[in-house]
1. Measure up A:LYS89/A:LYS238; A:LYS104/A:LYS238; A:LYS105/A:LYS264; A:LYS240/A:LYS264 against 24 Å on the Cα-Cα distance and list the ones that go over.
2. Excluding A:ASP84 itself, what net charge comes from residues whose Cβ is under 13 Å from its Cβ, given Lys and Arg +1 and Asp and Glu -1?
3. For region A:234-285, what % of the accessible area comes from carbon and sulfur atoms, probe 1.4 Å?
4. With each run of n ≥ 4 DSSP H residues scored as -39500 (n - 2.57), what mean residue ellipticity at 222 nm is computed for chain A after dividing by its residue count and rounding to the nearest 500 deg cm²/dmol?
5. Given A:ALA204, A:GLN248, A:ILE237, which one lies farthest toward the positive end of the charge dipole of region A:172-253, if we put +1 on the Cβ of every Lys and Arg and -1 on the Cβ of every Asp and Glu?
6. Any idea of the accessible area per residue across region A:245-364, 1.4 Å probe, to the nearest Å²?
7. Which angle from 0 to 90°, rounded to the nearest 10, does the C-alpha axis of helix A:286-295 make with the longest principal axis of chain A?
8. Expressed as a rounded percentage, what relative contact order does region A:1-135 have, with Cα pairs under 8 Å and six or more residues apart?
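The values are calculated or read from the model by the stated rules, or taken from the named source; none is laboratory data. These numbers come from a predicted model, not from an experiment. Here the Cβ is made from the backbone with ideal geometry for all residues, glycine too, and neighbour counts use every protein chain on show. Surface areas here come from the heavy atoms of the whole protein model, side chains and all, with no ligands, DNA or RNA. Shrake-Rupley method; radii C 1.70, N 1.55, O 1.52, S 1.80 Å.
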Amino acid sequence: MRKQYTPLQLPHTDILPEIVEPLLTWYRGQSTLRCLPWREEVTPYHTWISEIMLQQTRASAVIPYYTRFLEVLPDIASLARCDDELLMKLWQGLGYYSRARNLKKAACQIVEDFGGQMPADFAALLALPGIGRYTASAIGSIAFGLPLPAVDGNILRVTMRVLQCGEDIAQLSVRRAVEDALAPHYPSGEDAGALNQAFMDLGATVCLPHGAPHCALCPLGRLCLAYAAGSAEQLPIKVKKSKRRIEQKTVLVLRQGRALALMKRPEKGLLAGLWELPNLPGHLTEEELRSWLAARGLHALTITRLPDVRHIFSHVEWQMQGWEVELSAPEAVVAEDDSPLVWASPEELADTYSIPSAFQYFLHQKS
DNA sequence: TATACGTGGAG
DNA sequence: TCTCCAAGTAT
């Protein structure tokens, strides 16, 4: 009789205990190679903020955000009581904005449940909003020395190559199998975080994706089965995702003197709670735009067509046509879906309102 | 398990 | 231009 659900078993896992020492040795020898601000003063709070920002985001993009964030919100208490608009402003342009909202939620929980101290416990960390298995393990190992493998894209890639494993790394079951295979070999204390960061640095600088690993420089070269077999460039296997849908929009740059019209996006979904330029589904003709304005009692002094803009998200593509409209007089305006327009000065635009990158093309263009 | 959720850099 | 993808999580 055969089991219907066999747990995923990785091949050649007997190699794994042998990679720990070479990785740690290599990492210690690389200390000047990757000077990153979150490695300067390691505290649970610093590690937490950096790990959240680094989710699906390159270190080079994170650095300025991380520095600014800690200047304004230097500790858990200040994060827990910070203004929501300020929080989103600190995150503007970084993407995945629910990360910021979850950060504040979690800070409040930490204040309430743990007296304002990050819990030094995997399950407790995992229970906080925005913290999944990877981040709980990263914080646990780096900040608290817990022996937890933090399985991210780097560890997955390195491991699949070392073991010459062709499983689909997009599958959660593979992530779990890697965790289970690595966990018994993890050290405690300082080496725990060092080992995770060694994996990540190796993945970021040597064991590179898209078929360009620098195997000759790799401390795991002697052990790596994919290198021995010449298959490192073909691994790991990742099954592609479905194609993105396309949405057409007409975006309005409405000006009354120095003021610019903004609308608040819904609290759920794409770019939740951020501010946007007024926009309509579909591509409107100038005639349709004029009647749309007229129906709202808006009198246009000038109407100017702006260059087309395409903005690509991971799962949606916006094809935007822009119009700049100068309006004659201040009026109480209600947009199509009854969301009120807000009139922002250039100063408020810069300092107060969080506007996603998708609209920045229209804001920066000269008229 | 599959999908929603941003952005910018690289090849 | 196009695809991939980078220190993932929530649902």
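1. Pairs exceeding 24 Å: A:LYS89/A:LYS238; A:LYS104/A:LYS238; A:LYS240/A:LYS264.
2. +3
3. So the carbon and sulfur contribution to the accessible surface is 55 percent.
4. -12000 deg cm²/dmol
5. Value: A:GLN248.
6. Result: 49 Å² of accessible area for each residue.
7. Tilt of helix A:286-295: around 70 degrees.
8. The value is 20 percent.
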